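As structure tokens, the structure follows; a few thoughts come after it.
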Amino acid sequence: MGDDLQKATTQDKINNFTAKAQALLLMGGEKQINKQHESGKLTARERLDHLFDKGSFQEVQLFVQHRSILFGMDKKEIPADGVITGFGKVNGRIVFAAAQDFTSSGGSLGEMHSKKIWKIMDMAIAAQKPFIALNDSGGARIQEGVPSLDGYGGIFYRNTISSGYIPQITAIMGPTAGGAVYSPALTDWVFMVKNTSYMYITGPEVIKAVIGEEVTHDQLGGAVAHASKSGVCHVVTENDTDCLDKIKVLLSYLPDSCNSELPVIPTTDTADRSCPELNKVIPDKAARAYDMKKIIKAVADNNDIFELHESWAQNITVALIRLMGRPVGVIANNPMFFAGSLNVNASDKASRFIRFCDAFNIPLLTFADVPGYMPGTEQEWSGIIRHGAKLLHAYAEATVPKITVVTRKDYGGAYIGMCSKQLGADYVMAWPTAEIAVMGAEGACNIIYRSEINSAADPAAKRAELIAGYEEKFNNPYFAASMGIIEEIIHPHDTRKRIIALLEALQNKKETRLTKKHNNIPL
Ligand code: HXC
């Protein structure tokens, strides 16, 4: 062999290299690829082909091999060690990625597999570009033992130190079990594919053995479960290509890093577009619900919104929109669910979104219609005090431009929580339908006029009269405006143009905070 190589011509060496590379590019081989396709999944290479602009993907460390010897591993070849890493362009912008390939030893993560991921993450951090992980793996490579765990540790460490520095997105496109779930959870956004992906700490067999509960993989950790019950998943997708397409849409809103300009996409929409439909959104009856998403859509460029966490904590909506092509993060109470009140999950959902936007310099637009924090033992014992505090902390710590529009109720502590002036809102506007008060008129009158109502000849008539008086005094935007606690009362149809003008004016906003190591957000 040595002699042959010595005798080999340059062309032979090049041909030899080509053959070796091509063999590796086949990853687990035809049989495994067919199995992957039969289970409704693309291979890692096919996924990367779909994600990256044609021909732009540059693979890194294709020739890496594992070096374990136990359990027959000395005889086992794992092409690319089960993970493809590299960088390329997505819609013309550089992105780094690691895609685990289930066809190659189940995409299991051993020492060298993890070192490839470390390398590509280190490159993404150094280059200040987004990192995307496409996960499809049986987890820690069982034959390798603790080096696999060490490998995960190195990934979690990099996920953490680059948090808020570069955007990190994970797509779950197959199994993710055990501690392996924590890299996705440490990244900014988790996408899952319906029916073919699942995540859990302990699987159905262990659950059955330990607590006797019977549950399927999908019920326990499928896309729908994590999108609607646990909140682990931010975007549910129909299949692999849908997942990759949606990641591209999300990327289009994000800067390369916290030090980069926001991506601006030219729009055909106009800055002075009136939204007459907004004059009719608020129902005449105060107790009636309406869909806050109609307002967000009406305001957004071309009515386009990218909603995250759509099926979880639906009493608050978080979404990315563009205004005159510039990305904006929207946080909005949604009266369609729990009357738009704030609970544990809504507080968590909004707080994390606010912190993401602030980290990447995306301005915050808040629409408030909130009757208060949700009452009850379930919420109190789940820690609504602790979780609600996150929302206050997240808004107050954010230094990006912050604009608030009060559409209807804005009561009590929840008023403060929905980006009120003293949490640092740069500008608060209210519609004429706004009710900014300590509480609703009925509750307020029952407390402050109890003896007056009870001693009246006609208590019901007295109560109605007192409620009307309270509403006139406090349940409107005029008292807050007279105190300068809100800046302005606007026509609903002017909402888009007022926000655009404000964001343009605030574009160079610079705000600093006290110098320290870091905040201690209530977790
Ligand atoms: C080594 C693995 C592997 C693993 C799969 N394979 N998982 N090899 N370590 N963890 C290999 C299989 O041996 C097989 O190799 C190939 O991948 C395909 O696997 P199949 O079992 O044939 O596929 P399928 O029937 O689709 O089943 C998929 C699966 C199953 C449900 C994921 O493979 C499975 O249960 N794997 C083990 C899952 C697990 O317990 N992982 C450890 C979790 S704990 P060949 O050579 O036959 O093709 C963990 C701790 C992380 O990850 C902690 C981080 C802090």
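Quick notes
- Pairing each residue of region 176-190 that is away from the ligand (no atom under 12 Å from the Cβ) with any residue that is among the aromatic types (Phe, Trp, Tyr) and not in a strand (DSSP E or B), provided the two are 6+ apart or on different chains, yields C-beta distances under 8 Å for Asp188/Phe356.
- Residue in region 72-89 that is in contact with a Gly (Cβ under 6 Å, 6 or more places away or on another chain) and of a type outside the set (Gly, Ala, Ser) present: no
- Here Asp245 passes the criteria (1) in a loop (DSSP other than H, G, I, E, B); (2) surrounded by fewer than 20 Cβ atoms within 10 Å (Cβ to Cβ); (3) not hydrophobic (A, V, I, L, M, F, W, C) except the one numbered (1).
- Test result for Arg322, part of a strand (DSSP E or B), in contact (Cβ under 8 Å) with a residue 40 or more places away in the chain, more than 27 Å from Ile161 (Cα to Cα) and not aromatic (Phe, Trp, Tyr): yes
- Pair list, Cβ < 6 Å and 6+ apart or interchain, from region 450-469 residues that are free of Cβ contacts under 8 Å to residues at least 24 places away in the same chain and under 21 Å from Glu435 (Cβ atoms) to residues that are of a type in the set (A, V, I, L, M, F, W, C) and surrounded by 13 or more Cβ atoms within 10 Å (Cβ to Cβ): Arg463/Ile453; Leu466/Cys445
- Listed conditions (1) surrounded by 16 or more Cβ atoms within 10 Å (Cβ to Cβ); (2) closer than 30 Å to Thr433 by Cα; (3) of a type outside the set (S, T, N, Q); (4) in contact with a His (Cβ under 8 Å, 6 or more places away or on another chain) are all met by Asp269, apart from (4).
- Comparison of Glu213, Glu205, Glu238 shows that the only residue that is more than 16 Å from the ligand (Cβ to nearest atom) and either β-branched (Val, Ile, Thr) or free of Cβ contacts under 8 Å to residues at least 24 places away in the same chain (or both) is Glu213.
- So Ser148, is it closer than 30 Å to Ser252 by Cβ and either within 10 Å of the ligand (Cβ to nearest atom) or in contact (Cβ under 8 Å) with a residue 12 or more places away in the chain (or both): no
- Test: residue in region 412-425 that is surrounded by fewer than 23 Cβ atoms within 10 Å (Cβ to Cβ) and part of a strand (DSSP E or B): no
- Elements of type helices (runs of 4 or more DSSP H) in region 6-53, at least 2 residues being under 32 Å from the mean Cα position of the chain (by Cα) and of a type in the set (Lys, Arg): 44-51
Coordinate-derived values only; no laboratory data. Treat the numbers as computed from the prediction; the structure is a model and nothing was measured. Backbone-built Cβ (ideal geometry, glycine too); neighbour counts: all protein chains shown.
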